[in-house]
Amino acid sequence: MRCLLCLAAIFPFMVAGALAGTLTPGLEAAYRAADEQAKLPVLISLTRQANLDAVRSQFLSSVSEQDGLRHAALLEALQSVSRQSQDEINNSMQILQRNGMVEDLEFFWIANLLKANVSRAGAELIANFEAVEEVGLDEEINLLEPEESVPSEAKMVSSEHALQLMNAREIWVAGVTGTGTTVAVVGTPFPSSHSAFADRMTGAEGLLASSFCGQSTAILLGAAVGCDRQKGDTVGVAPDARWRLLPLACGQTHKVSDILRAVQLSQVGDYLSVPDVIVQAWSAGDSCSVGLPAKSWSAFRNLEELGSILIWSAGDNGLLGRNTVPLPAANVEDKQTFFSVGAVSADGRSIRQTSSRGPSPCDRRSIKPELTAIGEGRSAGESGFVTTQGSLLATGYVAGALALMRQVNPTISPFEAKNALKLSAKDLGVEGEDNDFGFGLLDINAAVELAASSSETGTISGTVKYGGERIGGARVYLVGASGSYTVPSNSEGQFRFTQIPAEREFALYVARFGYKDFAAPDSVKTSKQKEFSVGVDLERGIADDAEVDRGFVFGVPEDNATGGIWTRAVPVGSSENGNQVQVSEDATAYGSFCFVTGNGGSVAEPAAANDVDGGKTTLRSPIFRLDNLADSKLRFKYAYSNDRGQQKGGDFFRVQISNDGGETWVNLIQTSMSSDGWREASFVIEDFVTPTEQMVIQFVAEDNAPPSLVEAAVDDIFIDGKPDAPEPPKNLSLTPAENGVNLTWNKSEGASSYKLYLSGQAGHVFAPENYFTTVKDTFLYVPYDQIPYDQFYFQVTAVK
């Protein structure tokens with residue numbers, strides 16, 4: 001203890017009384033399980049962050065000649081921040097090193113991180129440095145392996161059949177074969193003299209290996225750029241692209257820091273060797289681990305800021321059910337960076353049973369993977385060629401398509417390129433994005449054509465409001481002849497669609513539980529390289545027939561079910577010995593979708609394949625308000641099966657309501673009895689809780705040991721009542737006049753007058769201290785001398 005006190009006294013930038021940073025829960029657990037003096041591998045995230053937005057704003061032009069300058073400026077910004085942090089912390093780390101608490105120091109600049117082996121006492125001291133944000137475990141990683149791989153000697157006819165099905169030949173005929181682009185793979189080495197890759201390697205890393213173990217690496221790269229020029233065989237999408245290995249050593253245990261080192265090196269040196277595409281196939285820790293520092297993932301966002309497009313394999317854990325996409329591919333904080341690829345069968349029509357499926361285990365809601373490609377065919381092996389299966393092959397195909405897209409449009413951003421992949425995909429499975437196929441099957445020709453025309457696009461943005469309140473969590477849909485698009489509104493109610501085909505008209509739809517669906521047919525028009533802004537004013541109304549996503553959450557942190565997680569889908573029925581377990585149709589007249597626990601791929605699958613297992617799973621609504629609705633009544637339809645298996649009738653189905661945002665719950669239904677198909681239920685809400693503006697409802701299904709066959713479904717959720725206040729006025733507009741401003745708004749049904757509020761702060765208008773005046777008309781002139789702000793905001797409310 002005396003030694004620790006002495007050490008603490010010589011660190012001038014420690015914060016007294018509290019930790020500046022923290023240890024991650026995963027690192028805490030690892031230290032508890034280790035010997036007291038053990039040094040564990042850690043990643044330390046530092047507080048300084050590069051302001052890449054400021055750097056990027058200096059390079060607004062999309063002229064390709066500026067790409068190298070932009071890359072150099074962003075690179076210097078990242079490295080400069082790292083150097084500053086090293087200056088702040090290095091002396092203190094050296095002291096800890098001399099005292100035996102730290103070893104193997106290494107700084108990273110791709111994200112402002114420090115890698116070291118550190119004792120528990122050392123980690124606690126480091127967390128107390130002002131320059132430190134978080135200390136976490138440097139997680140071990142697992143390189144994903146091909147599902148199946150056997151040597152292949154057969155001569156092909158010009159190109160792999162899968163490439164023809166995904167329309168590669170059409171774009172090759174146009175002369176687009178990847179010339180001038182580079183695809184890199186993070187993985188173990190294979191001989192650089194391989195006939196599928198000869199004479200096209202860039203970067204020297206592949207020449208440094210003394211041993212080879214890179215079957216998976218070769219499969220990924222072969223599907224992307226493989227071409228045996230002597231035999232005339234093409235196994236890759238971009239046969240003229242260069243390739244680069246970002247190597248991990250054979251025969252060693254790898255950690256996240258090894259990945260960071262590999263991808264960081266890809267960005268230095270000759271700019272022409274910087275990869276256009278970096279493809280990765282690895283997993284870290286347990287699903288959605290809490291071991292790594294959160295800022296570790298920013299390294300991959302920074303890679304895309306630097307211009308490289310990242311693509312990830314979704315893995316081949318599909319036989320374990322849903323929620324099987326591993327980290328990093330399962331990351332939901334930045335889905336576009338962690339864009340993952342699943343695998344379909346050789347005919348390009350059905351999902352491979354082994355392909356990992358969503359939703360993401362991190363939030364049990366976000367759809368994964370983003371895209372699929374054919375996962376059966378021929379690729380390069382460590383030596384020679386192999387016939388292989390799985391998501392590695394599929395991911396390589398998508399990486400090759402991205403290389404072609406960069407050839408036809410060198411300035412296309414990672415965001416735009418991935419958006420083009422989604423928009424051009426061939427929809428499979430249920431309509432729209434789903435947790436089997438994502439946005440659908442890769443269409444190489446369509447994706448490249450869309451990338452080539454990306455300059456002929458515009459942007460549509462807007463804000464979703466109810467009165468003056470900004471509404472987050474709404475699903476915003478843009479529908480037109482050229483395709484449909486969807487994004488959620490953020491916590492500020494804002495949404496943004498980019499790379500939308502220009503000079504087209506679109507219908508705008510907005511759906512969010514707690515409000516009526518908003519529809520504006522043919523109301524939005526895009527313009528080339530311009531942004532069109534639209535306002536969305538919602539109306540009160542609570543209904544969800546599950547036909548579109550209105551924000552329900554599939555799974556909450558307290559859940560522990562291992563299978564049968566709630567989802568929104570067209571139900572695929574199941575039965576046991578001729579008796580129905582899961583419903584085969586939704587409950588809505590002329591509808592298709594409902595909420596179900598799990599969902600099979602075929603009625604031929606056994607009932608136990610997709611039912612609830614291992615604990616409970618929860619379907620939870622967004623927060624909604626009922627304080628403005630009198631005599632409110634909830635009604636819904638549900639189906640529940642619990643009369644098959646070892647513990648017949650031993651588990652419960654619960655419907656619960658909360659009026660405090662989910663802090664406490666009251667049961668509306670708690671039953672262990674099967675419903676024998678759809679059943680309707682209704683409740684007067686005031687009989688259970690006092691209506692507030694923090695209402696939530698949830699549906700909970702469980703299967704505890706011993707296991708039984710448990711399935712549930714919910715549909716047609718409605719809340720009726722009598723409005724006790726008029727709807728907020730819509731379309732408030734302000735027109736400057738010579739000595740003031742004119743305000744106008746639409747009349748609200750049932751309103752006798754209108755209160756106006758004035759503030760100099762955008763997010764703080766509707767408040768008692770900002771009350772301005774009350775009027776009976778739907779217009780008002782306000783002189784400038786009555787407005788005490790240089791920048792000001794009005795809000796109007798209706799009075800009954």
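Things worth noting here:
- Rounded Å value of the spacing that divides the Cα centres of the stretch 670-736 and the stretch 511-589: 14 Å
- Mean separation of Cα contacts under 8 Å (6+ apart) over length of the stretch 317-442, as relative contact order %: 26 percent
- Per atom type, the chain shows carbon and sulfur on 49% of its accessible surface, probed at 1.4 Å.
- Averaged over residues, the count of other Cβ atoms within 10 Å places the peptides 31-39, 108-116 in the sequence 108-116, 31-39, highest first.
- Other residues with beta-carbon under 15 Å from the beta-carbon of Ser752 carry, at +1 per Lys or Arg and -1 per Asp or Glu, a net charge of 0.
- At the residue level, Cys227 shows approximately 20 square angstrom of accessible surface with a 1.4 angstrom probe and all protein chains present.
- Sum of side-chain charges, Asn445 neighbourhood, beta-carbon under 9 Å (Lys, Arg +1; Asp, Glu -1): -2
- Net charge over other residues, Cβ less than 12 angstrom from the Cβ of Thr778 (K, R count +1; D, E count -1): +2
- Estimated inter-spin distance, Asp270 and Arg349, nm [label 7 Å along Cα→Cβ]: 4.8 nm
- Annotation: Thr459 carries an accessible surface of approximately 20 Å², with a 1.4 Å probe and no ligand, DNA or RNA atoms counted.
- Per-residue ellipticity at 222 nm computed for the chain from its helices equals -5500 deg cm²/dmol, with DSSP H segments shorter than 4 residues left out and the rest contributing -39,500 (n - 2.57).
- Nearest 10 degrees, 0 to 90: helix 215-225 Cα axis against the chain principal axis: 70 degrees
- Within the chain, antiparallel bridges make up roughly 80 percent of the DSSP beta bridges whose residues both belong there.
- Close amide H partners of Ile141, meaning residues 5 or more places away or on another chain with modelled amide H under 5 Å apart, are His254, Lys255, Val256.
- Here's the picture: charge each Lys and Arg Cβ at +1 and each Asp and Glu Cβ at -1 in the stretch 688-800, and of Ile787, Ile717, Ala705 the one pushed furthest to the positive end of that dipole is Ile787.
- Each residue of the stretch 340-353 was assigned a 3J(HN,Hα) from its phi angle through the Karplus curve 6.51 cos²θ - 1.76 cosθ + 1.60 (θ = phi - 60°); the sequence is 10, 10, x, 10, 10, 6, 4, 7, x, 10, 10, 6, 5, 4 Hz, with glycine and proline shown as x.
- Against the criterion of solvent-accessible heavy-atom surface with a 1.4 angstrom probe, Ser45, Ser752 sort, most first, into Ser752, Ser45.
- Averaged over residues, the count of other Cβ atoms within 10 Å places the peptides 542-550, 240-248 in the sequence 240-248, 542-550, highest first.
- Sorting Asp228, Asp436 by accessible area puts them as Asp436, Asp228; the probe is 1.4 Å, largest comes first, and only protein heavy atoms count.
- Accessible area expressed per residue, the chain, with surrounding protein chains retained (probe 1.4 Å, Å²): 41 Å²
- Ligands, DNA and RNA aside, Tyr271 has an accessible area near 90 Å² when probed at 1.4 Å.
- Ranked packing of 728-739, 564-575, 295-306, 686-697, most packed first, by mean Cβ within 10 Å: 564-575, 295-306, 686-697, 728-739
- Cα-based shape type of the stretch 143-452, given that a ≥ b ≥ c are square roots of the gyration tensor eigenvalues and the cut on a/c is 1.5: rounded
The values are calculated or read from the model by the stated rules, or taken from the named source; none is laboratory data. Computed from a prediction, not measured in an experiment: that's the story for all the values here. Note: ideal-geometry Cβ built from the backbone for every residue, glycine included; neighbour counts use all protein chains shown. With ligands, DNA and RNA removed, areas are computed over all heavy atoms of the protein, side chains included. Shrake-Rupley method; radii C 1.70, N 1.55, O 1.52, S 1.80 Å.
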